[in-house]
Amino acid sequence: MRVLRNFSLKDYNSFGIEVKADKYISIKDLEDLRTILRKSYASELFILGGGSNMLLTRDIRKTVLHIALKGKRIISETDKEVIVEAEAGENWHQFVLWTLSQDFGGLENLSLIPGNVGTAPIQNIGAYGVELKDSFVSCKATNVQTLEEKVFDLEECHFDYRNSIFKNRLKGQYIITSVRFRLTKIDHNLQTKYGAISAELEKEGVKSPTIQDISNAVISIRNSKLPNPKEIGNSGSFFKNPVITKAHFSILESKFPEIPSYTISEDEIKVPAGWLIDKAGFKGYRNGDAGVHKNQALVLVNYGEASGEEILSLSKKIQDAIKDQFDIDLEAEVNII
């Protein structure tokens, strides 16, 4: 277990922001994790997973623990379903591909989402009509103060839209070390109606899609709309899709008849944040190396040497414009550090 000092995190955050950590340690087994936690106060530590859902605006004057625990396995199975477990440091997309290679269904719509398995429950990641909570069974997590290992089941995680107990009430108190999912072996519940999946399948001539076909469609759609973080720094969707009342939506619809929407409940409508940002004129906008992607207005990008502060400033400019034009408060999906 090596301690690296004044360590650059440029390659460890998907925005490619150049900030440094006072100390950096890669955690590859649970005993290393416990050893560090015994020696350190929680306030002295910064937990880093895949680095895909955060915007770093400053140097980290703490010890960065990079959770790099690896491994995936089948825990149990029946004729119809299987329980699989992945360690926190596994790359999310590679894990999804592993499940698909064995014809396990449930995660195909979540293909190509950046990040690692351990941070996925914190955000309750989701895409194309599916959320992590839909197949989630439980996760193991270590208390940073007591070192107690606790298993959180689905109910205990309090999952919500891009939210969980780990993002609010228990923020910073636990480190997720592994996650279990319940996946199907037969009679897969295919989700093809959300977004452009049906159109992509039709374009490819697929009439009876498999879970692999859906994954391929999702990958194709994401590649066409979203920049590769290895080529252009970004963290995927920067803002949450706002949920507003039906009365508020009716007012907007009278002004903008083309506004897209998704019904959430009897009195709640979800509006695509990307459409709002595009309508406000920010799609393709650029100020120095901080910008909004030309193909997807929901994605803020670092074209090279933008600082975290410059990306944050751009995000606030967008929020102000959306509030002024639509009376909607856009909330950041990424964690601002």
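The values are calculated or read from the model by the stated rules, or taken from the named source; none is laboratory data. In this text, all values refer to a predicted model and were calculated from it rather than measured experimentally. Neighbour counts run over all protein chains shown; Cβ positions are idealised from the backbone, glycine included. These accessible areas exclude ligands, DNA and RNA; they are computed on the full protein's heavy atoms, side chains included. Shrake-Rupley method; radii C 1.70, N 1.55, O 1.52, S 1.80 Å.
I need the full set of residues from the stretch 313-327 which are among the small types (Gly, Ala, Ser) and free of Cβ contacts under 8 Å to residues at least 40 places away in the same chain, in order please.
Answer for the stretch 313-327, where residues must be among the small types (Gly, Ala, Ser) and free of Cβ contacts under 8 Å to residues at least 40 places away in the same chain: just 313.
Within the stretch 8-19, can one find any residue that is out of contact with any helix residue (DSSP H, G or I) (no Cβ under 6 Å at 6 or more places or on another chain), over 30 Å from residue 182 (Cβ atoms) and in a strand (DSSP E or B)?
The answer is yes, given that some residue of the stretch 8-19 is out of contact with any helix residue (DSSP H, G or I) (no Cβ under 6 Å at 6 or more places or on another chain), over 30 Å from residue 182 (Cβ atoms) and in a strand (DSSP E or B).
Among what's in the stretch 308-337 and is charged (D, E, K, R) and touching a Ser or Thr at 6+ places or on another chain (Cβ under 6 Å), pick the residue that is farthest from residue 59 (Cα to Cα).
Here the answer is 333.
Are there helices (runs of 4 or more DSSP H) fully within the stretch 117-228 with at least 3 residues that are under 30 Å from residue 63 (Cβ atoms) and open to solvent by less than 70 Å² (accessible area, probe 1.4 Å)? List them.
Those helices (runs of 4 or more DSSP H) span 120-123.
Would you confirm whether any residue within the stretch 71-79 is assigned to a loop (DSSP other than H, G, I, E, B), closer than 20 Å to residue 115 by Cβ and either at pLDDT below 95 or over 19 Å from the mean Cα position of the chain (by Cα) (or both)?
Yes, the stretch 71-79 contains a residue that is assigned to a loop (DSSP other than H, G, I, E, B), closer than 20 Å to residue 115 by Cβ and either at pLDDT below 95 or over 19 Å from the mean Cα position of the chain (by Cα) (or both).
Somewhere in the stretch 46-61, is a residue at pLDDT 95 or above, open to solvent by 20 Å² or more (accessible area, probe 1.4 Å) and among the acidic types (Asp, Glu)?
yes
Taking the stretch 67-88, which residues are more than 15 Å from residue 132 (Cβ to Cβ) and surrounded by 22 or more Cβ atoms within 10 Å (Cβ to Cβ)?
Result: 67, 69, 87.
Looking at (1) touching a Gly at 6+ places or on another chain (Cβ under 8 Å); (2) in a helix (DSSP H, G or I), find the lone condition where residue 306 falls short.
With (1) touching a Gly at 6+ places or on another chain (Cβ under 8 Å); (2) in a helix (DSSP H, G or I) applied to residue 306, the lone miss is (2).
Only one of 291, 284, 236 is closer than 30 Å to residue 8 by Cα, open to solvent by less than 50 Å² (accessible area, probe 1.4 Å), part of a loop (DSSP other than H, G, I, E, B) and free of Cβ contacts under 8 Å to residues at least 24 places away in the same chain; which?
284
Taking the stretch 302-337, which residues are of a type in the set (Gly, Ala, Ser), touching a strand residue (DSSP E or B) at 6+ places or on another chain (Cβ under 7 Å) and open to solvent by 20 Å² or more (accessible area, probe 1.4 Å)?
Result: 332, single match.
Being outside any loop (DSSP other than H, G, I, E, B) and of a type in the set (Phe, Trp, Tyr) is the filter; apply it to the stretch 239-256 and report the residue that is farthest from residue 322 (Cα to Cα).
Taking the candidates together, the pick is 249.
Only one of these is not small (Gly, Ala, Ser) and not in a loop (DSSP other than H, G, I, E, B): 318, 259, 328. Name it.
Being not small (Gly, Ala, Ser) and not in a loop (DSSP other than H, G, I, E, B) holds for just one of 318, 259, 328, which is 318.
Please find, within the stretch 96-115, the residue that is modelled with the lowest pLDDT out of those that are open to solvent by less than 20 Å² (accessible area, probe 1.4 Å) and under 18 Å from residue 48 (Cβ atoms).
Among those that are open to solvent by less than 20 Å² (accessible area, probe 1.4 Å) and under 18 Å from residue 48 (Cβ atoms), it is 115.
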